[in-house]
Structures are given as C-alpha cells and as structure tokens.
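Below: the structure, in structure tokens.
The values are calculated or read from the model by the stated rules, or taken from the named source; none is laboratory data. Note that the structure is predicted; figures quoted are calculated from it, not measured. Using ideal geometry, Cβ is built from the backbone for each residue, glycine included, and neighbour counts are taken over all protein chains shown. All accessible areas refer to the heavy atoms of the entire protein, side chains included, with ligands and DNA or RNA removed. Shrake-Rupley method; radii C 1.70, N 1.55, O 1.52, S 1.80 Å.
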Amino acid sequence: MSPLVNILEHAGLVLSGAVAYWAGQKWAKLRAARAESLPAASLLDQARREAEIILRDARLAASQEALRLHEKAEHALASRRTERLELERRLAEREALINSQLQRIVEAEGRLTREKTSLEERAATLAAREEEAARLLRQTRLELARLSGLDETQVREAFLKNVAEQARAEAEALSRSICEEAKTTAEEKARRIISIAIQRYAGDHTFQNTTAAIALPAGEDIKGRIIGREGRNIRAFEAATGVTVLIDDTPGSVLLSGFDPVRREIARETMAQLIADGRIHPTRIEETVARVTRDMETNLLRLGQEAVTKLGLPPLHPEVLKLLGRLHFRHSYAQNLLQHSIEVAHLMGLMAAELGLDSGLAKRAGLLHDIGKAVSHEFEGPHALVGASLIKQYGEPESVVNGVASHHGEVPAEGPLGILVSAADAVSASRPGARSENLTAYLKRVSDLEAIASAFPGVEKAFAMQAGRELRVFVQPDEVSDEQAHLLARAVALKIESQMQFPGQIRVAVIRERRCVQIAR
C-alpha cells in the first residue's frame, strides 16, 4: 500500500470524527433549547403525576403488607385458641378423674367406719353376754349344791375335781402359750436381724419412666424428616431397632415404645444422634444403630462391673456382667432392678455377718438373685430357675445357685442363703418408697383381693388390711372345718399369685369362729 493511500485514510478518519462531534454538539444545543422552551406549569404537572403514581404504589404496597400481617395474626390466634381448648379439655378430664377417686375414697372410709362401729357394738354385746353367763353359772352351782343335799366331804371332793379339771385346762393353755412364746421369740430374733440390716443400709430409689421421649429442636420440620418420603425413614428405623416410633400431635417430642428396655435405650440414643446430625436416611440409620449397639455392649459390661466393684466382690464372668448391666434398664413397679439387686446384696451381707455366715457368698447370691429377669422373655420358666441355670453355666458355687433358685420357693432351700435372699428381697421390695403405685391401681388391687377370696365356697366375708398387705377371710364354721381352713388359706394365696401382680408379699389369714348361744330360764 502506498503512503498516499495511508494519508488519505487518516484524513478521512479525522474528518468523520469532526463531523460526528459537530453533530453531537448541535443535538445537545437543540435539546437544551427545547427544554428551556417548555413552560414551568408542564414540568409541575409532570412532577405531580409522578408523585401521585409513587404515592399510589406506596399505598398499594402498604395495604398488601397490612393484609399479610392481619392474616398471620389471625392464624396465630386460631392456633392459640385450639391449644387453649385442648388444655381445658385435659384439665377437665383430670379434674373428673380426681373427683371420682376422691368419691371412692370417701365411700370406702364411710364403709370402714360403719364396719368398725358394728364390730365395737358386737364386742360390747359379747362381753355383756359372757358376764351374764358367768353370773348364771355361779347361781347354778349354788342351786345345785342346795338341791343335791351333799355333805361337806362330797362337796369338797366335787370341788377338788372341778379344780383339777380347771388346772388341767390352764396347764394346756399354758403349754400352748409357751409354744407361741417360743415361736414369737424366734420371729422377734429374725426381725431384729433384719431390722439391723435395714438400719445399717439405706439406698436411694429413683422413679424412671419406661417410655422413652425424645425432645425435638424448635423451629425445624424434624418430624417430616424422621418419617421420610412415604414413611421409608421411620420404617427403616423400626426395622433396625425393633421398637415402635409414635409420632402424634405432641409438639416438640416423639415417643419410642418397646418391650425390651435395652432395645428401647439403643433406639433412644440412635434417634438423639440422628436428630443432632441432621442426616436421616435408611443407610445412615443402619450405620448409627450398629454403632450405638456396639457402644451399648460396652456400657452393659461397665454397669455390671461397677455393681461388682461397689459390693467388693471378686470378678464375675463377662457374660454375667452383661446380664447385670441389662438389669439397669429394667424396672419393677418403678424400682430399678440393678439398684434393687445391689441393695439385696448389701442386706444379704449384713444379715450373713449377724448369723456368722460367709458374707461374700451371701452378697453374690443377693446380687444375682434376679438375673433371670434380664432374659426372662427369651427363656421359659420362672426367673429364679432361669437365673440359677444361667449362673450355673458360668461356674457359680452350688450354694449361690440354690440361693437364687429357691428365693421364691420354686425349689427347696438347701442352705440358709435361699431363706436370706427371700427375706432381703421382700425387705427391699416392700419398704416404703421402694416401689411406687398410684391410687387407682391400689384401690383396684384391694378390690381384686376381696373379690378373689369371696369367690371361694364357705367364705362369709373378706377384708384387705394394711394397705393391701394382709387379707383376712372369715368363713362359715358349719361349712369349713379347721383342716379345710388351712387348705383354703393356701388356695387363696395360690390364686392371688396366679391372677395378680403386686409388690412385696400378701399375708392371707383365714378366721373360723363358732358361736354357741344358749338361753338360761
């Protein structure tokens, strides 16, 4: 390309730029002139219209925001109203239940007062009749002596014969009294030993609910994530843990229900970890359950070892320690079974020391006496026999095995350990505060006791005494003999054991009374 062509191209570019600059300046001047030519009123109208548009938009936005806030407040008010109605309904139900319970208590108190008054009247009448009978007997003797016309020697002989008969009767009564006194002395000594053990040991009892409740974080739709799409998460959780997940309208919580307390504890810990982690899906659920199950095995072993260490016993087999750890998650009438076993072991050691027995074996038998309850749902038979069979497999001494097997009377006691375990178990289970029972269950238990006894033939009436710890059964003397009374007491006790569940033990007393009435004219 020649230099002349380059010069011409640069000149064209400069010329075109100058023309564009001149045109822009010209257009700017024309716009300024046009703006100056517009009247001030037109500008004012245009500003007013724009202000009206802005004001209208602002009012529309404010109206929409106010409507949204109103709807939100109405929704919150309706929710609060629903919660208040539900609370009022629950309060009314509880008030009705309390009123009904109070009414039953008042009726029972009135019935007992009337029966007490009737018994006092009958006792007073009986005393008056006895005094009248004694007076008539004296008059009869005097009249017979007057009518018979016996001399002094004959009267003396008859008197000595009567005195001899009375002395023989008194001697028989004295012998019975001596036997009863000896029995009472033995019972008093046993009570003293047990009372010493109770005074020297005091254990704490805590009430724990068997239903596991999991608290949910506020402000998150966590229940939906627990359920999962079409319920797959909750089905996976129930299949992996073996417990039932109860999701209801209760705000902020979810319930876990299951018969196995160890599985329920594994499910509770798994659910807590899943909620804290936030990732809830079938694979994550299975991984968490496996990890918590391994941790639970370690925890069971630790709990059993702590119980053994607390009692100062030598080491036990690891499988036995795991079974003891399982008792930590089982309860009987709100009494923790592991704490109950430790308390029985302490009482066993104290009573064995008072009797000069081996306290180590006694503590061992007391600690293991309820170990069959850790597997009672897996093996058939009474828990005492199941536990004895288990500890025998792991090399426990025969005296300890028999003490565990015989503490409920399923097999005879071959030594003192079985009797001591039975006594310590009753003391631990029946002392106040050990096992809680609500008023409704207590009233039903008392009513059931009286109904069971009244169903037997020959029973006149039955009364549950001492808060349901004793059942007194009055029988018709013409229908039930003395021998049959013993059989009736055993039959009533067996029927109570087979049909009812109760803490401690219940004493059955059958009373047979014959009244012979004659009228002297």
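Taken together, the residues in the stretch 225-276 that are closer than 26 Å to N299 by Cβ and outside any helix (DSSP H, G or I) amount to 13. Looking at the structure I just gave you, is T283 among the polar types (S, T, N, Q) and without any contact (Cβ under 8 Å) to a residue 12 or more places away in the chain? For T283, the condition - among the polar types (S, T, N, Q) and without any contact (Cβ under 8 Å) to a residue 12 or more places away in the chain - is met. Applying the selection to the stretch 368-424, what residues are open to solvent by 60 Å² or more (accessible area, probe 1.4 Å), in contact with a helix residue (DSSP H, G or I) (Cβ under 7 Å, 6 or more places away or on another chain), among the charged types (D, E, K, R) and assigned to a helix (DSSP H, G or I)? Across the stretch 368-424, the qualifying residue is only K392. Filter the stretch 232-278 down to residues that are touching a Gly at 6+ places or on another chain (Cβ under 8 Å) and closer than 27 Å to S79 by Cβ, then give me how many there are. Qualifying residue count, the stretch 232-278: 1.
Looking across the stretch 457-471, the residues that are assigned to a loop (DSSP other than H, G, I, E, B) and over 33 Å from the mean Cα position of the chain (by Cα) come down to P457, G458. Filtered by the rule that a residue be farther than 16 Å from G372 by Cα, open to solvent by less than 30 Å² (accessible area, probe 1.4 Å) and part of a helix (DSSP H, G or I), the stretch 285-332 gives I285, T288, V289, V292, M296, L303, A307, V308, L311. Does S341 fit the bill of being open to solvent by less than 10 Å² (accessible area, probe 1.4 Å) and polar (S, T, N, Q)? When the stated conditions are applied, S341 passes them.
Exactly one residue out of L337, L367, L323 is touching a strand residue (DSSP E or B) at 6+ places or on another chain (Cβ under 8 Å) and closer than 27 Å to G258 by Cα: that is L337.
Per the listing L4, L85, the residue uniquely at pLDDT below 85, open to solvent by 80 Å² or more (accessible area, probe 1.4 Å), out of contact with any helix residue (DSSP H, G or I) (no Cβ under 8 Å at 6 or more places or on another chain) and in a helix (DSSP H, G or I) is L4. For the stretch 472-508, filtered to residues that are closer than 24 Å to A424 by Cβ and part of a strand (DSSP E or B), the residue that is least open to solvent (accessible area, probe 1.4 Å) is V508.
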